[in-house]
Amino acid sequence: MSEEPPVSVNLRASELVARLIVDAAQLGLVVTKGACGETLIDAGSRSPGSIEAGLRIARICLGDLAKVNLLPSSALARWPWTITVRSSMPVIACLASQYAGWRLTHGEGKDAFFALGSGPARALARGEKLFEDLTYADRADRAVMVLESDEAPPKAVVTEVAAACGIDPDRLTFIFMPTQSRAGTVQVVARVLEVALHKAHELGFPLDRIVDGMGAAPLPPPHPDFVRAMGRTNDAIIYAGAVHLFVRGPAEAAKSLADHMPSRASRDYGHPFAEIFKRVGGDFYAIDPMLFSPASVIITAIDTGDSFHTGAIDPALLDASFD
């Protein structure tokens, strides 16, 4: 018999979805049913959405294993509102749930559908290579997926996700919104802690040693142009994201992680992300993957009590992106 998971990210997130639906009108959401009986929540495509909706959706993305808040901060005088994320189960919350790692495609040409799926449904399907290094597997009779998209998923994608999760389509909820929306902006920036966890994994740091974490990044103004909007959400993390991880193991390993994590270590550091994206012709894979990192990092080795501080916030580059 397989071992029961310590928590179910899908069941926890489903409770938050139920409250999201009850509060749909005040959050600027539109809730409908799809062709397969799936629940569709438009959080910023044809609906207005809201910043509060984005905060709630970010928490859903994290499987309700993290707190997400919008707080004032004195770190950046011109951009004082900051999104904070903290979790005592950061590997499950960020990598097994929140990470946008499920490529969903259907059709070809101008009518093709493409979106990266994030959220708790990933922990039921476990179809990504990342799960080879994650021991967590969810067990639930319903699932939640978040899509950074301006349209609902087509029937073929719904049935694909349901089959991969081992549930009926009418037990699925899809929340979708474009990056240009208020909710989309918030939920992307709320990935500041997840970006650090993913960077740690890319650097080969043992994930089971990461036991707690928190992150913060400024809330950018949304922009109607997709590339500018995407650039601002990335820049919020790359040039002003701050993360503190608590890890077990030797201090030397914690120091090495701190030395290699900040975005300044990337060859592409130093320009607004939208400019970098245009320079490489819109090819994400031509961008140095080490750029996708927080600006400032603290790694605390809890077994020795040592803390290592690296990187720094860059207000000038943030202004160049946000203004």
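So here's what we get for this one:
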| read-out | value |
| --- | --- |
| Selection of GluC sites (Glu not before Pro), segment 137-219, meeting DSSP coil and at most 16 other Cβ within 10 Å | Glu151 |
| Separation in nanometres of the label points that stand 7 Å from Cα toward Cβ, at Ala156 and Tyr285 | 2.1 nm |
| Which of Ser307, Ser47 has the fewest Cβ neighbours within 10 Å, and the rest in rising order | Ser307, Ser47 |
| Segment 38-133: GluC sites (Glu not before Pro) in DSSP coil with no more than 16 other Cβ atoms inside 10 Å | Glu108, Glu128 |
| Qualifying lysines (Cα of each under 18 Å from Cα of Lys110; at least 8 residues distant if same chain) | Lys155 |
| Total charge dipole magnitude, segment 191-323, about the Cα centre, Cβ charges on Lys, Arg, Asp, Glu only, Debye to nearest 20 | 120 debye |
| Given charges at Cβ of Lys, Arg, Asp, Glu: the chain dipole, positive-most of Pro72, Phe226, Pro206 | Pro72 |
| Residue of Ala216, Ala18, Ala190 that the Gaussian network model of the chain assigns the largest fluctuation, springs spanning Cα pairs under 10 Å | Ala18 |
| Positive-pole candidate from Met145, Thr39, Gly107, dipole of the chain, charges at beta carbon | Thr39 |
| Euclidean distance of C-alpha centroids, segment 157-227 and segment 1-65, integer Å | 13 Å |
| Per-residue Cβ neighbour rank within 10 angstrom, fewest leading, Ser87, Ser73 | Ser73, Ser87 |
| Mean ellipticity per residue at 222 nm, deg cm²/dmol - from DSSP H runs of n ≥ 4 across the chain, formula -39500 (n - 2.57) | -9000 deg cm²/dmol |
| The chain: relative contact order as a whole-number percent, Cα under 8 Å and 6+ apart | 17 percent |
| Nearest-0.05 FRET efficiency for Lys33 and Asp323, computed from C-beta distance (R0 45 Å) | 0.60 |
| Longest site-free stretch - the chain; sites: trypsin sites (Lys or Arg not before Pro), DSSP loop, at most 11 other Cβ within 10 Å | 79-266 |
| Assigned charges on the beta-carbon of Lys, Arg, Asp, Glu; the chain dipole about Cα centre (debye) | 420 debye |
| Candidates Pro90, Pro218, Pro169: whichever shows maximal mean-square fluctuation once the chain is modelled as a Gaussian network with Cα springs under 10 Å | Pro169 |
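Throughout, read-outs are computed from the coordinates displayed, never taken from laboratory work. Predicted model only: the values in this text are computed from it and were never measured. Neighbour counts are summed over all protein chains in view; Cβ atoms, including those assigned to glycine, are modelled from backbone coordinates with ideal geometry.
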